[in-house]
Amino acid sequence: MTTIYQEALAFAQEHIDPIAKEIDESKEFPKEVFAEIGKAGFLQLFVPTQFGGKGLTYKEHAEVCMAFSQASASVGLCYMMHNVALNVVVNNGSDELVEKICRDVMDNNHFLALAYSEAGTGTHFYIPEMKAEFLEGKVHLTGRKSMVTSAENASYYLVLAPAEQEGAIDNWVVPIESEGVSFEMAEWNGLGMRGNASAPMNVDTILDHSWRVGAPGSGQDQVFTDVAVPFVLGLAAVYSGLSMSLFQEASHHTTSRKYPDGKSLANLETVQIHLADIYNLANAARAATRDAAEAIVNGDEDAVPRVFSARVFASEGAIEAARIAMRVGGGKSYNKANAIERLLRDAYASQIMAPGVDVLKLWTGRALTGQDLL
C-alpha cells in the first residue's frame, strides 16, 4: 500500500465513514466532506508544484479515489471528477487560465466538475448538443447538460460545445457565478451514488475566449487523452474501493451474527466460500487498477487498454460482489440493517457510468489491434 493510500484511507475513516449512510439517505452533495478534503490538501493532487500543489500522477489519483470510495462511492466519484477536470485544464489551458484556477484551488479549496452529458447524445460527449455563437472575443453558449456531477457545488464546470471550425468542438470552463447558469436540483433522484448530485445544468451565458481550454477545435483530442484515461482509471478505482467495502461489510455481518452455541455465520463453509469470492473480486480489481495506473505513469505501450480492462473488470466485479454480499447478508441486508443494500445500489451505477462496459470492451479491442477508438 502506498503512503497516500493510507493517508486517504485514514481521512475517509475519520471524515466520510461516519456520514456515509446520511449522504445516501439525504441524496445531497456532501459539502462538509469536501470542505475537509480541501483542508487536507487532496484537492491539490494535480496542481503543479510551482503553485504550491502536489503535482502528482495518475497513480496517486487512483489510490485516493479508491480509498475514499471504500467509505462512500459518491464521494470518491465526485472527487475523481475534480481531478480529471483539473488535469485537463493544467495540461491544455493557457498560462493565465491554469494559474487562475490553480490559485483558486490552493487558496480557497474550490473544486471542478465535468458537465459533458446531454439528454440526446448522452455519453457521446464528443457530439455536443450545446450551441455556440461566436462574437468578437467572446462566445455565447446555450443549452442544457443532463447529468452534472457536483451540480451547484463545484466552482468550475467543463463544458463541450461546437467550435467555429466545422466538425470540431471546444472545451470551455464555465464558472458557477456566470450569468445565465442554473441547476435543476429537484431532478436528481438516483438509485445509487445518491450523494453525487447529478442534476441538469442550464447554460445561457457569454464567456470571454480566455475561458476556452486549449486551442480552438481541440476539444475532442482533450476528451480522448486528458479526460478519458484518468476518468476511466478513476472509475476503476471507485468500483475497486466499493468492492473492498462490500467485503468488509459482509465479513463484519458474518462474524457478528451468532448462533446460540457461540458460533457465527462465518463458521459455515458456504459463507466462507462466498466471502472468499467477494474478496477475490475486490483484490483482483484493486490489483488491475494499480497495474493500469503504473502502466500509464511508466508509458507502457499497452497502458490504455489496461486502463479500459481494469475499469471493465472493476465494474462487473462490483456488481457480482454485491450480488454475493446480498446473499450473505440475507434479510438483514434486504431490510437495510447494514450497508450492503446501499453498496449494491452504488455498484449498479457502474454499468451506466460513461463510457459503459460495452463501449469499453469495443475500445479495448480496437486499441489492442491498433485501430482508432471511434
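The values are calculated or read from the model by the stated rules, or taken from the named source; none is laboratory data. Keep in mind the model is a prediction, meaning the values are calculated, not measured. All Cβ positions, even for glycine, are placed from backbone atoms using ideal geometry, and neighbour counts span all protein chains on display. Quick note on the areas: whole protein, heavy atoms, side chains included, nothing else; ligands and nucleic acids left out. Shrake-Rupley method; radii C 1.70, N 1.55, O 1.52, S 1.80 Å.
Listing for the model above:
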read-out	value
Where a residue in the range 60-72 is among the β-branched types (Val, Ile, Thr) and its partner, wherever it lies, is part of a loop (DSSP other than H, G, I, E, B), with Cβ under 6 Å and at least six apart	none
Residues within the range 131-185 that are among the polar types (S, T, N, Q), open to solvent by 30 Å² or more (accessible area, probe 1.4 Å) and within 19 Å of the chain's Cα centre (by Cα), tallied	1
Residue that is farthest from residue 358 (Cα to Cα), among those in the range 312-331 that are in contact with a Phe, Trp or Tyr (Cβ under 8 Å, 6 or more places away or on another chain) and not small (Gly, Ala, Ser)	326
Filter result for residue 92 (open to solvent by 40 Å² or more (accessible area, probe 1.4 Å), more than 24 Å from residue 199 (Cα to Cα) and in contact (Cβ under 8 Å) with a residue 12 or more places away in the chain)	yes
Unique residue being under 29 Å from residue 290 (Cα atoms), over 22 Å from the mean Cα position of the chain (by Cα) and in contact (Cβ under 8 Å) with a residue 40 or more places away in the chain when the list is 276, 250	250
Test: residue 277 is more than 27 Å from residue 78 (Cα to Cα) and assigned to a loop (DSSP other than H, G, I, E, B)	no
Test for residue 21: is it in contact with a helix residue (DSSP H, G or I) (Cβ under 9 Å, 6 or more places away or on another chain), within 18 Å of residue 342 (Cβ to Cβ), outside the structural domain of residue 290 (by the TED database) and open to solvent by 40 Å² or more (accessible area, probe 1.4 Å)	yes
Residues satisfying the stated conditions in the range 27-51, i.e. open to solvent by 40 Å² or more (accessible area, probe 1.4 Å), at pLDDT 95 or above and either in a helix (DSSP H, G or I) or out of contact with any Phe, Trp or Tyr (no Cβ under 7 Å at 6 or more places or on another chain) (or both)	31, 32, 35, 36, 39, 49, 50
Members of the range 200-221 that are closer than 25 Å to residue 26 by Cα and buried (at least 23 other Cβ atoms within 10 Å of the Cβ)	201
Residue in the range 238-252 that is modelled with pLDDT under 95, among the aliphatic types (A, V, I, L, M) and closer than 22 Å to residue 304 by Cβ present	no
Matching residues in the range 345-374 - criterion: being among the polar types (S, T, N, Q) and in contact (Cβ under 8 Å) with a residue 60 or more places away in the chain	350
Close pairs (6 angstrom Cβ cut-off, 6 or more residues apart or separate chains): outside the structural domain of residue 191 (by the TED database) and touching a residue at least 40 places away in the same chain (Cβ under 8 Å) in the range 323-344, open to solvent by 60 Å² or more (accessible area, probe 1.4 Å) and in a helix (DSSP H, G or I) anywhere	324/277; 338/332
Matching residues in the range 98-130 - criterion: being farther than 14 Å from residue 157 by Cβ and either modelled with pLDDT of 95 or more or buried (at least 22 other Cβ atoms within 10 Å of the Cβ) (or both)	98, 99, 100, 102, 103, 105, 106, 107, 108, 109
Residue satisfying condition, being out of contact with any Leu (no Cβ under 8 Å at 6 or more places or on another chain), open to solvent by 10 Å² or more (accessible area, probe 1.4 Å) and closer than 25 Å to residue 59 by Cα, within set 287, 236	287
In the range 193-226, the residues that are aliphatic (A, V, I, L, M), within 28 Å of residue 346 (Cβ to Cβ) and either assigned to a strand (DSSP E or B) or at pLDDT 95 or above (or both)	193, 199, 201
